[in-house]
1. Projecting each Cα onto the charge dipole of the chain (Lys/Arg +1, Asp/Glu -1 at the beta carbon, about the Cα centre), which of VAL232, PRO180, ALA125 comes out farthest on the positive side?
2. Skipping prolines and chain starts, which residues have an amide H placed within reach, meaning under 5 Å, of the one on PHE128, given they are 5 or more residues away or on another chain?
3. Give me the extension gain from LEU105 to THR153: residue separation times 0.36 nm, minus the current Cα-Cα distance, reported in nm with one decimal.
4. Let me have the relative contact order for the chain, percent, based on Cα pairs under 8 Å that are six or more residues apart.
5. Roughly what would the spin-label model give for LEU56 and ALA187, points 7 Å off Cα along C-beta, in nm?
6. Would you mind classifying region 126-235 by shape? Square roots of the alpha carbon gyration tensor eigenvalues, ordered a ≥ b ≥ c; an a/c under 1.5 is rounded, otherwise it is prolate if a/b is larger than b/c and oblate if not.
7. Which value at 222 nm does the chain reach when only helices count, each DSSP H run of 4 or more adding -39,500 (n - 2.57), with the total divided by all residues and rounded to the nearest 500 deg cm²/dmol?
8. For mean projected area of the Cα convex hull in nm², which listed value, (i) 15.6; (ii) 14.1; (iii) 18.1, comes from the coordinates shown?
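Please treat every number below as a calculation from the coordinates, not as lab data. Owing to the predicted nature of the structure, the values given are computational and were not obtained by experimental measurement. Neighbour counts run over all protein chains shown; Cβ positions are idealised from the backbone, glycine included.
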Amino acid sequence: MSAEPGAAGGPGRHVLILGGTTEARRLAEALARGPAHARAYRVTNSLAGRVAAPVLPPGETRIGGFGGAAGLAGWITAHGVTHVVDATHPFAERMSFHAAEAEALTGVPVLALRRPGWSPGPGDAWTFADDLAGAAAVLPSLGGRAFLTTGRTGLHVFADLTDTWFLVRSVDPPQGPVPPRLETVLARGPFGLEEERELLTRHRIDVLVTKDSGGGATAPKLTAAREAGIPVLVVRRPPVPEGVARAESVEEALRWLGAEGPHPLG
């Protein structure tokens with residue numbers, strides 16, 4: 001279902017942004033800095049709390065889960081939420097389905113804000129997997145020194161690959177089961193093309209593993225891999241729940257909210 005314009009903004013309108021992405025922050029900033037009718041929205045940003053020191057967007061902020069779809073529905077009702085924008089990471093599948101279930105329980109409309117995914121271009125050598133387990137199964141056939149950029153919470157899926165050397169980059173140190181041959185770089189993106197070239201060369205990477213997150217912030221690693229002739233193993237993103245309205249940009253989300261107008265989106 002595509003996004004459709006909503007009613008004009010006004011007093012008493014409360015937007016819950018399920019965030020943690022660049023798009024979520026840009027939407028909160030646009031509502032905070034936009035024309036008067038856009039600023040009439042009360043904005044609450046919800047963050048999962050997986051990063052120890054997150055960069056907080058404008059508006060109110062809550063950190064932590066809701067306790068499933070019923071908990072989210074209860075929070076929406078108790079706090080007078082009139083619009084929900086699911087701007088979580090494209091791979092935050094559980095939260096997206098909870099949002100869809102909460103829409104059914106409360107009648108409060110939900111918009112899934114998802115940046116477009118990546119597509120291979122000339123010179124790319126991409127292999128696709130449906131999930132992390134599928135990626136772990138095929139990885140040993142593609143290379144022995146992997147730059148694993150699928151997130152620190154999924155490292156346990158690769159823990160049995162004892163012959164593969166892994167480089168992992170994350171904001172916080174990984175926890176739980178991890179591959180035995182692992183080096184971690186603690187850093188917060190975005191990362192430029194020259195940085196990615198240098199990293200691949202310095203660590204002698206021969207395969208890149210990534211999720212189809214889309215967007216430009218983490219795309220330079222794909223360019224660096226193409227230039228170096230390194231294969232890329234791409235985990236496909238899960239689908240948006242059926243029946244949920246969708247937008248691919250902050251501008252589309254603003255129109256859906258009825259907060260269109262000149263916004264300093266930067």
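1. PRO180
2. VAL234
3. Roughly 14.3 nm would be gained on extension.
4. Averaging sequence separation for qualifying contacts and normalising by length gives 26 percent for the chain.
5. Label at LEU56, label at ALA187, 2.8 nm between them.
6. Note, shape of region 126-235 comes out rounded.
7. So the helix-based figure for the chain works out to -8000 deg cm²/dmol.
8. Read-out taken from this structure: (ii).
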